[in-house]
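The values are calculated or read from the model by the stated rules, or taken from the named source; none is laboratory data. Nothing here was measured: the structure is a model prediction, and the numbers come from that model. All Cβ positions, glycine included, derive from the backbone under ideal geometry; neighbour counts span all protein chains shown.
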Amino acid sequence: MSAAAPAPATDPVRPPSGGYAALHARSIADPRGFWGEAAEAIDWMEPPRRVFDPEAGVYGRWFAGGVTNVCHNAVDRHVAAGRGAQAAILYDSPVSGTKRAITYADLQTEVATLAGVLRAMGVEAGDRVVIYMPMIPEAVFAMLACARIGAVHSVVFGGFAAAELASRIDDAQPKIVLSASCGIEPSRIVHYKPLLDLALTIATHKPAACLIFQRPQVEASLVPGRDQDWATRRAEALASGVSAACAPVAATDPLYILYTSGTTGKPKGVVRDTGGYMVALRWSMDGLYGVAPGEVFWSASDIGWVVGHSYIVYAPLLTGCTTVLYEGKPVGTPDAGAFWRVIEEYKVAALFTAPTALRAIKKEDPEGLLMKDYDRSSLRTLFLAGERADPDTVEWAKAKLGVPVVDHWWQTETGWAIAGNPVGIEPLEVKVGSTGVPMPGYQVDILDEGGHPVAANRMGSIAIKLPLPPGCLPTLWRQDERFRESYLIDYPGYYKTADAGFCDDDGQLFIMGRTDDIINVAGHRLSTGGMEEVLAAHPDVAECAVIGIHDELKGEVPCGFLVLKSGVTRSPAQIETEIVALVRERIGPVAAFRLAITVNRLPKTRSGKILRGTMKKIADAQSWNMPATIDDPATLDEIAAVLSARGLAKVSAA
């Protein structure tokens, strides 16, 4: 069978019947049978010899011997099946005033042409390509073009500082870099090209070339002999008929490398394989999200993060959905009604976003008045992930939107949900504060410090029994030993999630925070996430964060930071006193919660995660480094100033 004509899959594939409990039990008891059936949703050039090979890789590999192509499955097969005229990507950019609908046929042309350009620039199967781009369609074309020819892409979040970009270039050693002249924020232009130029002077590895997409807002200077103009190369390729067909790729070959921060300072390159990733994502769109081919799915994230990889680009396109590519913010582009406008305009069936986005909307529009301006009747489900969803925000969204609000839990390393509510199989009771039940293939156990499973409703370290299901990382890029040391050694036979929580009597998981967010107050292990629930329940609080700070007597004591809702007129001191009393009432004196501090804003990464670890270092008078992913460095100075005013130590960044 030729590389361009894999064996067709049945489309759509619906998850097996029988309810969640039976399905999950089968996935654990008979993983080969379960995932072998799920793999029928994928077109294979050569079917796998083994669904799972326990002798391959660090803990085993999925779909060994299989040959396929991600781009074919995400693009070409839909065109062949008659979906060519359907919108594949709806690009909506309020920051640039641009909208664009890209059909599957358009996408096939753009991706095949760019793949031909990459080939002409010397990129071969297995070569790495770094993509340093904003949220524009060309960034998606770049990812798919790499997949089409078997190159390994590594997307670096647009606007990352030069040193961070350089460290990823040195580790991945790309043949070329694809970038753009700029990114656009609501209040500023981010000049990407100077950052790229500086990164390439810092990096030891020197790519052979850079392909630069010039945005109309900024025209970047090109370095002669190294930089090439994207539009020029595209036009030349189209004029001369240069394109590339889908290459055969082994299921166990890497599709991409996505870097996540490491404790040693060297970033960890999470490897995502080709076959297992497609099978898991394709299953999830039916089984977890309950979205069918032809429907509109919107993941309000960024392609620089794992959510963007999985649920802006690959999963919706593998399923034949229409995906929304949104270059904007939940507030400020132009107001807190931005999300509801997109839902109405594109008839979004399911929205996936981070809790911090909802908190930002709630802060600006606490009564949800802007929602009433838009028709949201297409929306069936709101999915949350990326950080802990506090119950107050979940209840607010549920009441205002009138749809199920599903918190679910996953990691960069897993690539898709570890736990959630399988609305496509059997919608389960939504327990506010829970991230739902384990997804197929995940045997999740709560372990004590000795690595032994604990009883229901007891807090512990959350671990996943090996082997991990398809879609999860098989290793770190060229660092098998570091993979073992980081994830597999602490609890033999398990993958360590580094998250803490408990499982209730119904098997629902409650993720209370990272294991380093469990603080020890006079010998009592307490969850800062549980305290944040109490703080967030106060009617005047828009956002909050709780950290453990050093205390000579108790070891650690909690400190809560509060951001108040817009329009609150009562004094912060009064609200802080009420918060302290509320924690004492709901958790008890054991929490030793006496310190609540009102701040204007919390320090966050660009993806919206609160930088609790850095806040703790400031409070404990430890030296700290400016996080590479920080959205606004000034927020940490503000935190330090507030802590200093309260008599707590202030230490400058190292």
Quiz item: With respect to Gly420, is the statement that it is in contact with a His (Cβ under 9 Å, 6 or more places away or on another chain), crowded, with 24+ Cβ neighbours inside 10 Å and within 21 Å of Gly529 (Cβ to Cβ) true?
Solution: yes
Quiz item: Does at least one position in the range 364-381 carry a residue that is under 27 Å from Thr605 (Cβ atoms), small (Gly, Ala, Ser) and under 21 Å from the mean Cα position of the chain (by Cα)?
Solution: no
Practice problem: Mind listing whichever residues of the range 585-601 are crowded, with 20+ Cβ neighbours inside 10 Å and modelled with pLDDT under 80? | Solution: Ala591
Quiz prompt | Lone unmet requirement of (1) touching an Asp or Glu at 6+ places or on another chain (Cβ under 6 Å); (2) surrounded by fewer than 19 Cβ atoms within 10 Å (Cβ to Cβ); (3) over 23 Å from Ala163 (Cα atoms) for Ala628 | solution = (3)
Practice problem: Could you please find all residues in the range 136-195 being in contact (Cβ under 8 Å) with a residue 60 or more places away in the chain and of a type in the set (Phe, Trp, Tyr)? | Solution: Phe157, Phe160, Tyr192
Self-check item: Those residues of the range 209-267 which are in contact (Cβ under 8 Å) with a residue 60 or more places away in the chain, touching a helix residue (DSSP H, G or I) at 6+ places or on another chain (Cβ under 6 Å) and under 16 Å from Tyr192 (Cα atoms), in sequence order
Solution: Leu211, Phe213
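How many residues does the range 585-596 hold that are in contact (Cβ under 8 Å) with a residue 12 or more places away in the chain and charged (D, E, K, R)?
Final tally of qualifying residues: 2.
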Practice problem: Please specify each residue of the range 341-369 satisfying the condition of being without any contact (Cβ under 8 Å) to a residue 60 or more places away in the chain and within 15 Å of Ala399 (Cβ to Cβ). | Solution: Leu358, Ile361, Asp365, Glu367, Gly368, Leu369
Practice problem: Could you identify the single residue in Arg226, Arg148 that is of a type in the set (D, E, K, R), surrounded by 21 or more Cβ atoms within 10 Å (Cβ to Cβ) and in contact with a Cys (Cβ under 8 Å, 6 or more places away or on another chain)? | Solution: Arg148
Quiz item: Of the residues that sit in the range 234-247 and are outside any loop (DSSP other than H, G, I, E, B) and over 32 Å from the mean Cα position of the chain (by Cα), which one is surrounded by the most Cβ atoms within 10 Å (Cβ to Cβ)?
Solution: Ala237
Exercise. Could you figure out which of (1) closer than 30 Å to Pro438 by Cβ; (2) in contact with a strand residue (DSSP E or B) (Cβ under 8 Å, 6 or more places away or on another chain); (3) crowded, with 21+ Cβ neighbours inside 10 Å; (4) not small (Gly, Ala, Ser) isn't true of His78?
Key: (1)
Quiz item: Tell me, which residue of the range 602-634 that is within 23 Å of the chain's Cα centre (by Cα) and assigned to a helix (DSSP H, G or I) is modelled with the highest pLDDT?
Solution: Met615
Quiz item: Residues of the range 109-152 being part of a loop (DSSP other than H, G, I, E, B) and not small (Gly, Ala, Ser), which ones?
Solution: Met121, Val123, Glu124, Asp127, Met133, Pro134, Met135, Ile136
Exercise. Give the number of residues within the range 435-491 that are of a type in the set (Gly, Ala, Ser), under 26 Å from Pro422 (Cβ atoms), surrounded by fewer than 22 Cβ atoms within 10 Å (Cβ to Cβ) and without any contact (Cβ under 8 Å) to a residue 40 or more places away in the chain.
Key: 1
Exercise. Identify the single condition in (1) touching a Leu at 6+ places or on another chain (Cβ under 6 Å); (2) within 23 Å of Thr629 (Cβ to Cβ) that Ala145 does not satisfy, given that it satisfies every other one.
Key: (2)
Self-check item: Residues (of a type in the set (Val, Ile, Thr) and in contact with a His (Cβ under 6 Å, 6 or more places away or on another chain)) located in the range 126-177
Solution: Val129, Ile131, Ile169
Practice problem: Can you give me the number of residues within the range 24-73 that are under 25 Å from the mean Cα position of the chain (by Cα), within 24 Å of Leu144 (Cβ to Cβ) and part of a loop (DSSP other than H, G, I, E, B)? | Solution: 2
Self-check item: Counted residues, the range 585-601 - those being part of a helix (DSSP H, G or I) and more than 30 Å from Trp624 (Cβ to Cβ)
Solution: 3
Practice problem: Search the range 153-209 for residues being β-branched (Val, Ile, Thr) and assigned to a strand (DSSP E or B), and hand back the single one that is nearest to Asp302 (Cα to Cα). | Solution: Val155
